[in-house]
Amino acid sequence: MSFTIHSSAFEEGGSIPARYTCDGEDISPPLQWSGVPEGARSLALVVDDPDAPDPRAPKMVWVHWVLYNLPADSGGLAEGVSVLPAGTLEGLNDWKRTGYGGPCPPIGRHRYFFKLYALDTELPDLGTPTKAQLLEAMKGHVVGEAVLMGTYAH
């Protein structure tokens, strides 16, 4: 069984409903995953937008959500999740806060990648790491990766 992540709210490559963006309720979409690799002890989730600020001339990757130490058997996150699975820790998004920040592109249609990493360990408490700090801590521990991509434009 392959390691996959999906959402009941939008299809792979499809448009993310406004409900999950700054134009709506700005809540996290429901996410489900399956096929977590054998030997995975925890999961990490990074949601980012490589098209910021303008898809025709991207200058940066904007980070929307950083989670780590999700239990390997958690199976997913509910829509608008407010209580994370036991043991899950949060990192900083590019608004310099924890939690989900939905799509809010200043111009054009952007791509949003929900990247789920399976790790062969639980990471130590990193405080509230940035995406870069989390990726550095994960080096040598990634045993699988699943990606879901959705798009959004105002």
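In table form, for the structure just shown:
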quantity	calculated
Of all residues in the stretch 131-154 being at pLDDT 95 or above, not in a strand (DSSP E or B) and not aliphatic (A, V, I, L, M), the one that is nearest to W65 (Cα to Cα)	K131
Qualifying residue in the stretch 58-68 (condition: without any contact (Cβ under 8 Å) to a residue 60 or more places away in the chain, assigned to a loop (DSSP other than H, G, I, E, B), more than 18 Å from I5 (Cα to Cα) and not aromatic (F, W, Y))	yes
Qualifying residue in the stretch 94-116 (condition: aliphatic (A, V, I, L, M), assigned to a loop (DSSP other than H, G, I, E, B), over 16 Å from the mean Cα position of the chain (by Cα) and surrounded by fewer than 17 Cβ atoms within 10 Å (Cβ to Cβ))	yes
Test: residue in the stretch 5-14 that is touching a residue at least 24 places away in the same chain (Cβ under 8 Å), in contact with a Gly (Cβ under 7 Å, 6 or more places away or on another chain), within 27 Å of L119 (Cα to Cα) and aliphatic (A, V, I, L, M)	no
Qualifying residue in the stretch 31-52 (condition: part of a loop (DSSP other than H, G, I, E, B) and in contact with a His (Cβ under 6 Å, 6 or more places away or on another chain))	no
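The values are calculated or read from the model by the stated rules, or taken from the named source; none is laboratory data. Given the structure is predicted, the values throughout are model-derived calculations rather than measurements. With ideal geometry, Cβ positions are generated from the backbone for all residues, glycine too; neighbour counts draw on all protein chains shown.
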